[in-house]
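Taking it in order: structure first as structure tokens, then the write-up.
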Amino acid sequence: MKHLSFSLILFFCASLSFAQHKNFDKKLADSLSADKYGMRPYVIVMLKTGPNKIEDKQKMASLMRGHLDNIGKLAKEGKLSVAGPFFDKNNRDYRGMFIFNVKTTEEADALVKSDPAVAAGVFSYESFKWYGSAALPMYLRYHDKISQENP
């Protein structure tokens, strides 16, 4: 009886794993550059407090407006999948994070350097290769439908 119960559980689990692939959409997977696991490489960039502190409030406001505009531009171009600030200070001076839809840290570094706040030294950064769901960029399609205002 124990063997029969174990066999039924094993069969059930195996059938669930096969069912997960039932909805596989090859066209969508290919359009997102997904591998056989539905994953792909990205580059995560951690923005950190930079070496320069800008005291002029108008200059700082202009740099931050440029920072936000650059984020929007890179997202529209499909280069940036995720961006956002951290709520709290931390012991590594991390201020925010980008997930770039690129394969190399060199590509991501070039994109980060197009940010006026990075160029002015308000932010510095660290880049890391990362492996995540190929569907990640799709969430941006829905963001505009749920946000009432732009920053």
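Every number in this text was worked out from the coordinates using simple rules, so none of it is lab data. Just so we're clear, the structure is a prediction, and the values are computed from it rather than from any experiment. When we count neighbours, we look across all protein chains shown, and the Cβ atoms used for this are built from the backbone with ideal geometry, even at glycine.
Restricting the range 50-151 to chymotrypsin sites (Phe, Trp or Tyr not before Pro) that sit in a DSSP loop and have at most 16 other Cβ atoms within 10 Å of their own Cβ leaves Phe86, Phe87.
Given a Förster distance of 30 angstrom, what is the FRET efficiency for Ser62 paired with Tyr142, based on the Cβ-Cβ distance and rounded to 0.05?
0.45
Residues Met97, Met138, ranked from the fewest to the most other C-beta atoms within 10 Å, line up as Met138, Met97. Beyond 23 Å in Cα-Cα separation lie the following of the pairs Lys48/Lys73; Lys113/Lys145; Lys36/Lys129; Lys26/Lys76: Lys113/Lys145; Lys26/Lys76. Max-minus-min Cα coordinates of the range 25-146 on each principal axis give 53, 30, 26 Å, with the largest extent listed first. Which trypsin sites (Lys or Arg not before Pro) in the range 21-72 sit in a loop by DSSP (not H, G, I, E or B) and have at most 16 other Cβ atoms within 10 Å of their own Cβ? For trypsin sites (Lys or Arg not before Pro) across the range 21-72 that sit outside H, G, I, E and B with at most 16 neighbouring Cβ atoms in 10 Å, the list reads Lys22, Lys36, Lys53.
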